[in-house]
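Everything below concerns the one structure shown next.
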Amino acid sequence: MRCVTTLFASLALVSGIAEARPVSYPDAWTVMLRNDVYQNSAHIHYTLDTQHSLGLRLRYDREGDFVFTGAQLNRLFKRWNKVDSQANLYGRIAIGQVTDNLDETELRLTRGNDEGLFLGISGDWETRRYFVSAAAEHWESGRFGEFSSFHGRLGVAPYVANTGALHSWIMVEGHHRPESNDKVAATALLRFFKGPSLLEVGVDDKGEPLLNYIHRF
């Protein structure tokens, strides 16, 4: 198993948010792990105030076989609080280094390192019963190339749980990555959260698993 994949698996085991959002409450630490057909990703961040969080971003691109390591700043641009719903608009930027993931079993040469830049924007709207979100991302990876990705989700809660209880969601996520070999994909997933922890498990239309975990402390 490749060293990078092992690293993300280890993080998932030792990590131990009711909301999958990049800005928490002030002075909170958050660990966000994402594993799907495109990537293994870890984002560990500290919320500076009600609008900003700053942290470390690690991302292994499965298709390009390279690793991004950098600092990421998240900003809450706007929050709409209603009596029975909430909506949010976020921006993200990360700057760091892109490194070739050398596979010793294939004995191929490393492509070296280069600078990397990530830009993203996302929004969500939810009630206690329904959930909608969308996100657009762009990666500049130097000699490793550049690519964009777009994601959207629809979700429904089969029951409305009380505060502090186990919450469950049934969701469908659509993906579009124009530069990828698999440009369009869809994933069916289940989301569970209670207290400071959130877990998502699913499978996409090609049988590839999805596993996401978030913990706030």
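FYI, it's all coordinate maths here, none of it is from the lab. None of the values given here were measured: they were computed from a predicted structure. Heads up, the Cβs are rebuilt from the backbone with ideal geometry, glycines too, and the neighbour counts pull from every protein chain shown.
Each label was represented as a point 7 Å from its Cα along the Cα-to-Cβ direction; for Ala135 and Lys78 these points are 2.1 nm apart. In terms of Cα atoms, the Rg and Dmax of segment 3-216 work out to 17.3, 59 Å. Placing a pseudo-label 7 Å from each Cα along the Cα-to-Cβ vector at Glu179 and Phe150 gives an inter-label distance of 1.7 nm.
Across segment 74-189, the mean sequence separation of Cα contacts (distance under 8 Å, 6 or more residues apart), normalised by length, yields a relative contact order of 17 percent. The dipole here belongs to the chain: it is taken about the Cα centre, uses +1 on the Cβ of Lys and Arg and -1 on the Cβ of Asp and Glu, and is about 800 debye. The sum of -39500 (n - 2.57) across all DSSP H runs of n ≥ 4, divided by the residue count of the chain, sets its helix-only mean residue ellipticity at 222 nm to -1500 deg cm²/dmol.
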